[in-house]
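Have a look at the structure below before the remarks.
The values are calculated or read from the model by the stated rules, or taken from the named source; none is laboratory data. Note that the coordinates shown come from a computational prediction; the quantities given were computed from them, not determined experimentally. We place every Cβ from the backbone using ideal geometry, glycine too, and count neighbours over all the protein chains shown.
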Amino acid sequence: MLERVPLLEKSLADYAEVAGEEAIEAIRAAAAPLVGARILHVNATAYGGGVAELLATHVPLLRDLGIEAEWQVIHGSDEFFAITKNVHNALQGAEIEWTAAMQRVYLEKVLDNALLLEGEFDYVVIHDPQPAAILALAGSSTVNAPGTKWVWRCHIDLTDANPDVWEFFRPYVEQYDASVWTMPEFVPSSLSMNRIVQAPPCIDPLSVKNLDLPEPFMREIVKQYGIDPDRPLMCQVSRYDPWKDPLGVIEAYRLVRQEIPEVQLVLAGSMATDDPEGFQVWEEVDAARHGDHDIHLLSNIQQVGNVQINAFQRAADVVIQKSLREGFGLTVSEGLWKGRPVIGGRAGGIVLQIHDGENGYLVDSVEECARHSIELLQNPARANEMGIAGREHVRQNFLSTRELADWIGLFNQLAG
Ligand code: UDP
């Protein structure tokens, strides 16, 4: 059996306060035909990164609806995860050499995992490319029973996918009953499937990362990390990944510092088990600090967990997500939900979340990022107004309840 991820219990009723009673009732009614259904979600990592974040809420909420939902993770090796990170980069547009040796390692490891699949399910949802070939390799496994519906959820932007790598994956993806995408623009035109669905991700307003924190508590946490809560603060929360452009954020911070010398920067990023590039990028970012004590380079290695991320995002005068490529960028909704304006790279799903000039800014360069940061740091009233607009945008579009409703809708359609 694949490794099962242990989960906390969650109650949908608790979400009525933020999402409204009506939304909760509508979800319960739509889920009624699914009570007792067996649903398996499979991805590559139990922590670190957006998919793990989503599943930690989504699966408990399915259970609360009376659905037998499970989350399992595939196992890999350093070599496998190095290859799948290359695949991830290539599917986001990077040039890589996709060799027969890499394909062999990939398929062998996915086969190992397919052989470990156990149990019977009505729906199996496979997330992202790492386990994508598992359906093709599941053969006569009980999990691959004739009535089981398979869904591939792609969290990344395939607009510019490297053709060699995408052509390798396409036949595997086309075996699924449906695929789910963050934005219609991400779907390659060559993909031929009956059901291609758009459903952007969401944040959990009740998770420790997003719930309201009393201000004294928030201040105390940031102080523990050497950050002065009374001085201006820019903050980017992201894995240490070149696409998140941490070096660009440091450059922008340096330009801001010329105007606002007391500014501080927090870069917080967890190291995920499926992301071997993280440690290398961390070192590059550390070198780029040139020993500046006002750049706080933090990660789960310094015990930065959800409470700390919550505090950093709340303490920030401006939240940054300067990605060059992005699937969705949960950190944008996280910042907006906390009533902070967010400056984001004009990439992927960030454009769904930031309405330029209303709840933050979309930027294409270091200079633009710096210019808007200065503007917001010098005008806190404007920053707060944008934050209020941002929180409402997230409330209406990017909370867990909306995503849950989308999934229930899809499962019902697949059953029909
Ligand atoms: N995250 C975290 N700790 C960190 C860095 C990131 O908890 O040190 C979380 C972050 O708050 C967000 C998720 O990881 O919930 C990252 O999701 P996003 O969609 O922004 O990016 P991805 O990592 O999936 O590319």
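One table, with the values for the structure above:
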item: Unique residue being assigned to a helix (DSSP H, G or I), within 30 Å of Arg395 (Cβ to Cβ), of a type outside the set (S, T, N, Q) and more than 24 Å from the chain's Cα centre (by Cα) when the list is Glu185, Glu251, Glu220; result: Glu220
item: Selection status of Ile260, touching a helix residue (DSSP H, G or I) at 6+ places or on another chain (Cβ under 6 Å) and either within 11 Å of the ligand (Cβ to nearest atom) or over 21 Å from Gln321 (Cα atoms) (or both); result: no
item: Exclusive hit being buried (at least 23 other Cβ atoms within 10 Å of the Cβ) and either among the polar types (S, T, N, Q) or at pLDDT below 95 (or both), set Gln236, Gln280, Gln258; result: Gln236
item: Residue among Glu79, Glu70 that is more than 16 Å from the ligand (Cβ to nearest atom) and without any contact (Cβ under 8 Å) to a residue 40 or more places away in the chain; result: Glu79
item: Whichever residue in the range 146-182 is in a loop (DSSP other than H, G, I, E, B) and among the β-branched types (Val, Ile, Thr) and, among such residues, is farthest from Asp406 (Cα to Cα); result: Thr159
item: Every residue from the range 28-54 that is closer than 14 Å to Tyr123 by Cβ, of a type outside the set (Gly, Ala, Ser) and either part of a helix (DSSP H, G or I) or away from the ligand (no atom under 16 Å from the Cβ) (or both); result: Pro33, Leu34, Val35, Arg38, Ile39, Leu40, Val42
item: Residue that is surrounded by fewer than 16 Cβ atoms within 10 Å (Cβ to Cβ) and more than 10 Å from the ligand (Cβ to nearest atom), where the choices are Asp294, Asp286, Asp317; result: Asp286
item: Residue check for Asn412: polar (S, T, N, Q), more than 24 Å from Arg254 (Cα to Cα) and modelled with pLDDT of 95 or more; result: yes
item: Matching entry among Ile301, Ile309, Ile388 (being over 21 Å from Asp157 (Cβ atoms) and more than 16 Å from the ligand (Cβ to nearest atom)); result: Ile388
item: From the options Ile343, Ile301, Ile320, Ile309, residue that is within 26 Å of Ser400 (Cβ to Cβ), assigned to a helix (DSSP H, G or I) and hydrophobic (A, V, I, L, M, F, W, C); result: Ile309
item: Filter result for Val332 (within 9 Å of the ligand (Cβ to nearest atom) and assigned to a helix (DSSP H, G or I)); result: yes
item: Considering residues of the range 239-248 that are modelled with pLDDT under 95 and in a loop (DSSP other than H, G, I, E, B) only, the residue nearest to the ligand (Cβ to nearest atom); result: Arg239
item: Val59 assigned to a helix (DSSP H, G or I), at pLDDT 95 or above and either surrounded by 19 or more Cβ atoms within 10 Å (Cβ to Cβ) or within 16 Å of the ligand (Cβ to nearest atom) (or both); result: yes
item: Pairs, first under 14 Å from Ile309 (Cβ atoms) in the range 226-245, second away from the ligand (no atom under 16 Å from the Cβ) and assigned to a loop (DSSP other than H, G, I, E, B), C-beta under 7 Å, six or more apart; result: Leu233/Asp317
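Conditions tested, residue by residue: (1) away from the ligand (no atom under 16 Å from the Cβ); (2) over 23 Å from Arg391 (Cβ atoms).
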| position | (1), (2) |
| --- | --- |
| Ala161 | yes, yes |
| Val180 | no, yes |
| Gln198 | yes, yes |
| Asp212 | yes, no |
